[in-house]
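Comments concern the structure below.
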Amino acid sequence: MKRVLITGPESTGKSELALQLARHYGGLVVPEYSREFIQGLGRPYLFKDVEHIAIRQVEEYNTSSHPEWVFFDTWLIISKVWFSVVYNRVPSWLDEKISVASFDLVLLCDTDIPWIADPVRENGGTMREELLHSYKNELNHYGLDWELVTGLGEERFLYARQLIDNKIAYGTT
């Protein structure tokens, strides 16, 4: 089974890209849980809510399987950065869960897609760039194999496919 993580700042096309790639490779998408969960709260989210999201992400990682391809629409790297940015602290168990996970490739979505506001999104403008930098640092810290995905629309999808084909499907992994 090949595991591909799609991550990046808000409004960078992660969900759409995950669905496109899963369709193309005949794989499974593990959808973003946080958006739906936070929309259903009916109140501002709390530390315990973000921790619940992270626990759910671990469960989904541990239980998702497919004969060939699984595409994760966000994961614990975003949760870790979010804990740091919003609460200035991270649950003690989170580092180990990230350290033991294995992905064949991480696709980090660049901020070259215009930010679109919605009730769940909080970080447009320069904060998107700061978050992108934080995600890069975390991916490097954990030694994850990652590539920056750029381009708009179909161009972004084709570039992501090229990265996957070169690194996983037909490449050196």
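Nothing in this text is a laboratory measurement; each read-out follows from the coordinates by a stated rule. Bear in mind the structure is a predicted one, so any value in this text is a computation, not a measurement. Cβ: placed from backbone, ideal geometry, glycine included. Neighbour counts: every protein chain shown.
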TODO: Tell me which residues come under 5 Å, amide H to amide H, from Val149 once H is placed; ignore anything under 5 positions away on its chain.
DONE: Leu108, Cys109, Asp110
- [ ] Note the angle between two axes, namely the Cα long axis of helix 154-164 and the longest principal axis of the Cα atoms of the chain, as a number of degrees from 0 to 90, rounded to the nearest 10.
- [x] 70 degrees
TODO: For the range 60-107, run through the trypsin sites (Lys or Arg not before Pro) and keep only the ones in DSSP coil with at most 16 other Cβ atoms within 10 Å of their Cβ.
DONE: Arg89
TODO: For Leu105, list long-range residues whose amide hydrogen, built 1.01 Å from N in the peptide plane, is under 5 Å from its own amide hydrogen.
DONE: Arg3, Leu5
TODO: Compute the long axis of helix 47-63 from its Cα atoms, compare it with the longest principal axis of the Cα atoms of the chain, and write down the angle in degrees, 0 to 90, nearest 10.
DONE: 30 degrees
Open item on the list: Quick check on the chain: helices-only [θ] at 222 nm, where DSSP H runs of length 4 and up contribute -39,500 (n - 2.57) each and the sum goes over total residues. Nearest 500, please.
Closed with: -13500 deg cm²/dmol
Open item on the list: Given a 10 angstrom Cα cut-off, can you work out which residue in Arg23, Arg161, Arg128 is the most mobile in a GNM of the chain?
Closed with: Arg23
Open item on the list: Among 39-50, 56-67, how do they line up by average Cβ neighbours within 10 Å per residue, starting with the highest?
Closed with: 56-67, 39-50
Task: Burial ordering of Leu76, Leu132, fewest other beta-carbon atoms within 10 Å first - done: Leu132, Leu76
Task: Distance between the range 73-95 and the range 21-49 - C-alpha centres, whole angstrom - done: 15 Å
Open item on the list: I'd like the orientation of helix 126-141 relative to the chain: the angle between its Cα long axis and the longest Cα principal axis, in ° from 0 to 90, rounded to 10.
Closed with: 60 degrees
- [ ] Could you name the lysines whose alpha carbon sits less than 22 Å from that of Lys48, not counting residues in the same chain fewer than 8 places away?
- [x] Lys80, Lys97
Open item on the list: Students often get this wrong: which residues of the range 105-137 have the backbone nitrogen under 12 Å from the point 7 angstrom along Cα-to-C-beta of Asp49?
Closed with: 120-121
Open item on the list: Computed from the coordinates I sent, Rg/Rh (Cα atoms, Kirkwood Rh) equals one of (i) 0.94; (ii) 0.98; (iii) 1.05. Tell me the label.
Closed with: (i)
